[in-house]
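First comes the structure, then the notes that go with it.
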Amino acid sequence: MTPDLVIFDCDGVIMDSEGPTLRMLRDDLAARGLDLPLDRAMDLFIGSTMSGVAAKARDHGAALPDDWVEGFYDRLYVRLKRGTPLIDGIESVLDRLDAAAIPYCVGSNGRHAKMAITIGQHKALWDRLSGRLYAAEDVPAPKPAPDLFLHAAHEFAVPPARCIVVEDSPTGALAAQRAGMTCMGYAPHDSGAGLAAHGATVFSAMAALPALLGL
């Protein structure tokens with residue numbers, strides 16, 4: 001279907017920030033007693049809030065101090081400020097949506113402060129998305145709850161069934177499913193089986209997305 005609103009996740013869909021974040025997270029947790037391969041860290045933590053990461057890491061044996069979440073965010077922001085590129089092809093997708101007069105926004109489990117650092121490095125994109133950035137802190141519960149996507153749909157006065165979500169994590173795909181929205185699952189590095197398990201249509205390159213959106 002051609003949607004009335006497209007909701008993009010941020011990390012891993014608009015910003016190429018998942019890799020640096022996961023490597024930094026893996027190294028940090030290894031120093032605190034939880035030594036995981038990168039692919040296992042991805043399976044456990046991708047798409048989670050940092051509070052959710054902390055809870056899962058503690059459940060798996062990591063010894064995290066009470067202030068770990070804020071401390072990790074501080075260190076992560078320093079790393080992301082050094083340079084966070086865009087996902088290849090995302091600007092062309094947004095151009096196609098603009099040409100078709102289809103609105104779009106961002107719904108991220110990350111914080112507004114993080115998006116200001118990552119998206120904010122790209123002024124044209126920051127200006128383009130101004131007023132259309134929604135974060136987990138805006139709603140009662142983060143993904144995989146549907147709250148964030150339903151909030152975005154409400155802001156645009158679009159019924160959930162007329163929205164398409166673009167996600168790269170099973171957590172986000174589950175949130176879209178629970179919100180009653182169609183999900184396109186971006187999986188450039190694997191089969192996307194975790195996304196498909198929650199009803200997402202999997203694609204591996206942004207160049208394929210416009211056709212999936214009916215453009």
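Only lysine pairs 8 or more places apart, or on different chains, with alpha-carbon atoms under 18 angstrom apart are counted in the chain, and they number 5.
Its Cα centre serving as origin, the chain has a Cβ charge dipole (Lys and Arg +1, Asp and Glu -1) of approximately 100 debye. A cut-off under 14 angstrom between Cβ atoms defines the neighbours of LEU34, and their net charge, with Lys, Arg +1 and Asp, Glu -1, is 0.
Just the protein heavy atoms count here, and of the accessible area of the chain at 1.4 Å, carbon and sulfur take up 52 percent. Here the scattering of the chain is modelled by Debye summation over its C-alpha atoms, one equal scatterer each and no solvent; at q = 0.11, 0.13, 0.17 Å⁻¹ the log10 of I(q)/I(0) is -0.49, -0.69, -1.21. Stokes-Einstein diffusion for segment 19-121, with the hydrodynamic radius set to the Kirkwood value over Cα pairs and evaluated at 25 °C in a medium of 0.890 mPa s, equals 160 µm²/s. Separation of segment 146-167 and segment 1-60, taken as the distance between their Cα centroids, equals 23 angstrom.
Distance between the 7 Å Cα→Cβ label points at ARG96 and ASP43: 3.2 nm. Among bridges DSSP assigns within the chain, what percent are antiparallel (round to 5)? Expressed as a percentage, antiparallel bridges in the chain total about 5.
For segment 117-157, what class follows from the C-alpha gyration tensor (a ≥ b ≥ c being the square roots of its eigenvalues): rounded when a/c is under 1.5, otherwise prolate if a/b is larger than b/c, else oblate?
Note, shape of segment 117-157 comes out oblate.
A 1.4 Å probe run over the protein chains yields, for the chain, 43 Å² of accessible area per residue, whole-number rounding. In whole Å, how far is the Cα centre of segment 185-215 from that of segment 80-128? Between the Cα centre of segment 185-215 and that of segment 80-128, the gap is 18 Å.
Taking SER48, SER92, SER191, SER169 and ordering them by how much accessible surface each has at a 1.4 Å probe, largest first, produces SER191, SER92, SER48, SER169.
Computed over segment 37-97, the P(r) curve from all C-alpha pair distances, binned at 5 Å from the origin, holds 4, 14, 17, 20, 18, 11, 9, 5, 3, 0 percent per bin. Only alpha carbons enter this Debye calculation for segment 141-215, each as an equal point scatterer, and the log10 of I(q)/I(0) it gives at q = 0.17, 0.22 Å⁻¹ is -0.58, -0.92.
The values are calculated or read from the model by the stated rules, or taken from the named source; none is laboratory data. This structure is a prediction, so every number in the text was calculated from the model and none was measured. Here Cβ is always computed from backbone atoms with ideal geometry, including for glycine, and neighbour counts include all displayed protein chains. Surface accessibility is based on the protein's heavy atoms, side chains included, excluding ligands, DNA and RNA. Shrake-Rupley method; radii C 1.70, N 1.55, O 1.52, S 1.80 Å.
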